[in-house]
1. Within the stretch 1-13, which residues are hydrophobic (A, V, I, L, M, F, W, C) and closer than 20 Å to Leu47 by Cα?
2. Suppose we keep only residues that are among the small types (Gly, Ala, Ser) and in a strand (DSSP E or B) within the stretch 25-37. Which one would you say is surrounded by the fewest Cβ atoms within 10 Å (Cβ to Cβ)?
3. Is it the case that some residue within the stretch 8-24 is surrounded by 14 or more Cβ atoms within 10 Å (Cβ to Cβ), assigned to a strand (DSSP E or B), in contact with an Asp or Glu (Cβ under 6 Å, 6 or more places away or on another chain) and at pLDDT 90 or above?
4. When only residues in the stretch 38-61 that are in contact with a strand residue (DSSP E or B) (Cβ under 7 Å, 6 or more places away or on another chain) and of a type in the set (A, V, I, L, M) count, which is surrounded by the most Cβ atoms within 10 Å (Cβ to Cβ)?
Amino acid sequence: SADGLAIYSAREGIKQAYMVTKRERDFGVAELQGIDTKFLKIPAHILCYLLGQAERLLWEQ
């Protein structure tokens with residue numbers, strides 16, 4: 001949940017993080033009230049694609 005994410009980020013002093021979402025339109029920078037962390041909102045299917053591409057590049061070397 002966003003509450004748990006906010007508590008963890010504030011406690012650990014995290015300045016930037018990813019926020020993986022289900023919705024395709026969720027893309028951009030988000031902030032949660034009361035903390036300084038900036039979140040890059042990214043849909044799960046796009047994150048999976050990017051991770052797969054990064055892994056593929058590692059195997060090709």
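The values are calculated or read from the model by the stated rules, or taken from the named source; none is laboratory data. Worth saying up front: this structure is predicted, and the values here are computed from it rather than measured. Cβ: placed from backbone, ideal geometry, glycine included. Neighbour counts: every protein chain shown.
1. Of everything in the stretch 1-13, those that are hydrophobic (A, V, I, L, M, F, W, C) and closer than 20 Å to Leu47 by Cα turn out to be Ala2, Leu5.
2. At the first step, the residues of the stretch 25-37 found to be among the small types (Gly, Ala, Ser) are 28, 30, 34.
Retained after the next criterion (residues that are in a strand (DSSP E or B)): 28, 30.
On the way: Gly28: 10, Ala30: 14.
Among those residues, the one meeting the criterion is Gly28.
3. no
4. So, considering only residues that are in contact with a strand residue (DSSP E or B) (Cβ under 7 Å, 6 or more places away or on another chain) and of a type in the set (A, V, I, L, M), the one surrounded by the most Cβ atoms within 10 Å (Cβ to Cβ) is Ile42.
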